[in-house]
Amino acid sequence: MKARGLAVLSAKAPLTPFEFERRELGAHDVALDISYAGICHSDIHQAREEWGPALFPMVPGHEIAGIVSSIGASVTKFKVGDRIGVGVFIDSCRTCASCLAGLQQYCEEGMTGTYNTFERDGKTIAFGGYSNIFVINEDYAVHIPENLALDGVAPLLCAGITLYSPLRKWNIAKGSKVAVMGLGGLGHMGVKFAAAMGAEVTVLSHSASKKTDALAMGATHFVDTSVTGALKPLTKTFDLILNTVSAFLDINEYLDLLKLDGTLVVIGLPGKPYEVNAGSLLNGRRRMAGSMIGGIPEMQEMLDFCGEHSILSDVEVIDASYADKAYERTIASAVKYRFVIDASTF
Ligand code: NAP
Ligand code: ZN
Ligand code: ZN
């Protein structure tokens with residue numbers, strides 16, 4: 001199938017219009033017309049090889065919302081016209097313990113990413129969501145509730161599930177004290193979800209101008225981390241800290257904010273390792289953990305939760321021609337709070 005979109009042709013090159021082929025529909029495949037594609041900071045990390053060597057040409061994009069346009073002969077999960085979402089992976093081994101548990105993101109063979117990798121056949125480059133159409137095996141796509149606008153839904157497919165999953169894993173509920181580090185695409189979803197689950201939410205942000213938005217999203221407290229000493233009064237305060245910051249920082253200052261048995265979850269993925277003081281962990285039996293997106297069952301649960309609570313990402317919808325500028329603004333933490341490309345402009 002002929003597709004068009006935006007690609008990066010080599011590391012750090014700008015995004016340029018790109019035409020390519022998507023596979024013809026297999027029996028279990030679904031084709032979709034993409035409506036909106038979110039811009040995740042992971043797209044930028046990969047397009048710029050901040051995580052190591054990448055595969056080019058690269059069509060980034062793993063926050064995909066659209067409408068089913070055709071289905072393969074054996075498809076049962078979707079019908080033409082359905083609202084459909086695709087996230088960070090398009091396949092996995094399906095047989096390992098993780099896959100059988102619905103945790104495809106932790107597939108023991110490695111999930112098949114939506115881009116910057118080869119498809120399951122090991123030779124076809126997987127092209128992501130900055131494009132007009134997509135083809136996916138039905139088992140790796142999710143249904144989008146009818147009451148949610150598709151532009152605000154697209155970022156839920158990565159940013160949303162990535163924050164929903166650790167909040168569920170660490171049993172956040174009424175009375176929990178949660179801090180979200182970084183109010184970007186991921187962080188703002190964390191604030192909305194944690195507040196909807198009943199937690200008392202604190203935003204730890206280096207952008208003082210985001211305070212009003214943070215409170216409107218459901219945070220109770222906002223702390224400007226660029227002010228020297230601002231974190232000190234929060235020592236031993238939180239049950240859970242979700243670190244969504246895309247840049248390197250001193251993680252020890254934040255570990256000290258955990259209560260006894262509290263957990264700091266690493267979600268942001270800077271290219272440089274953190275340095276952890278043993279003392280920051282020992283004192284208070286603290287834990288530092290990681291969390292990566294979420295599996296297909298949890299993605300569906302998250303979208304259903306969003307449908308029930310009318311939760312959407314706050315988006316700035318852009319044309320494809322603005323994508324490079326959007327990358328620069330994302331790096332500068334100057335997006336409120338997710339760029340989403342209108343796929344009709346590819
Ligand atoms: P984003 O929209 O750029 O948000 C990152 C936020 O981090 C910014 O808005 C900013 O918040 C803060 N920040 C950025 N630079 C900073 C600096 N120099 N010092 C202090 N704070 C800074 O990015 P995103 O799309 O949410 O992604 C965040 C990170 O998560 C990325 O590294 C991405 O690759 C990673 N990620 C991980 C997963 C996973 O499964 N674990 C999934 C998706 C993405 P303030 O302005 O509020 O300070
Ligand atoms: Zn992402
Ligand atoms: Zn597997």
Query raised in the report: Only one of these conditions is not met by Thr202: (1) touching a His at 6+ places or on another chain (Cβ under 7 Å); (2) part of a helix (DSSP H, G or I). Which number is it?
Result: (2)
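Here is a yes/no grid of residues against (1) more than 20 Å from Ile161 (Cβ to Cβ); (2) buried (at least 24 other Cβ atoms within 10 Å of the Cβ):
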position	(1), (2)
Ser69	yes, no
Ala73	yes, no
Lys77	no, no
Asp82	no, no
Gly87	no, yes
Asp91	no, no
Ala97	yes, no
Leu103	no, no
Query raised in the report: So, of the residues in segment 166-185 that are in contact with a strand residue (DSSP E or B) (Cβ under 8 Å, 6 or more places away or on another chain) and in a helix (DSSP H, G or I), which turns out to be nearest to Arg338 (Cα to Cα)?
Result: Gly185
Query - Residue satisfying all of: in segment 114-157; more than 18 Å from Ala37 (Cα to Cα) and among the hydrophobic types (A, V, I, L, M, F, W, C); surrounded by the most Cβ atoms within 10 Å (Cβ to Cβ) among these - result: Ile125
Query raised in the report: If you check Val227 against the conditions, is it at pLDDT 95 or above, of a type outside the set (Phe, Trp, Tyr) and either within 16 Å of ligand 3 (Cβ to nearest atom) or in contact with a strand residue (DSSP E or B) (Cβ under 9 Å, 6 or more places away or on another chain) (or both)?
Result: no
**Report entry** Residue check for Lys232: among the charged types (D, E, K, R), buried (at least 19 other Cβ atoms within 10 Å of the Cβ) and either over 14 Å from Met299 (Cβ atoms) or in contact (Cβ under 8 Å) with a residue 40 or more places away in the chain (or both)
**Finding:** no
Requested in this report: Would you mention how many residues in segment 318-343 are in contact (Cβ under 8 Å) with a residue 60 or more places away in the chain and either closer than 21 Å to Ile161 by Cβ or not in a strand (DSSP E or B) (or both)?
Outcome: 16
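Quick check on segment 301-308. Is at least one of its residues under 22 Å from His45 (Cβ atoms) and surrounded by 21 or more Cβ atoms within 10 Å (Cβ to Cβ)? Break it down into steps so the answer makes sense when it comes.
Filtering segment 301-308 down to residues under 22 Å from His45 (Cβ atoms) leaves none.
Looking through segment 301-308, none of the residues is under 22 Å from His45 (Cβ atoms) and surrounded by 21 or more Cβ atoms within 10 Å (Cβ to Cβ).
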**Report entry** Every residue from segment 103-118 that is more than 16 Å from ligand 1 (Cβ to nearest atom) and over 18 Å from Val8 (Cα atoms)
**Finding:** Glu108, Glu109
Query raised in the report: When Leu257 is evaluated against the numbered criteria (1) under 30 Å from Arg83 (Cα atoms); (2) touching a strand residue (DSSP E or B) at 6+ places or on another chain (Cβ under 8 Å), which criterion, by number, is the only one it fails?
Result: (1)
Query raised in the report: Of all residues in segment 66-119, which are aliphatic (A, V, I, L, M), in a loop (DSSP other than H, G, I, E, B) and away from ligand 3 (no atom under 16 Å from the Cβ)?
Result: Ala73, Val75, Val80
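The values are calculated or read from the model by the stated rules, or taken from the named source; none is laboratory data. Worth saying up front: this structure is predicted, and the values here are computed from it rather than measured. Quick reminder, even Gly has a Cβ in these numbers, built from the backbone with ideal geometry, and neighbours come from all protein chains shown.
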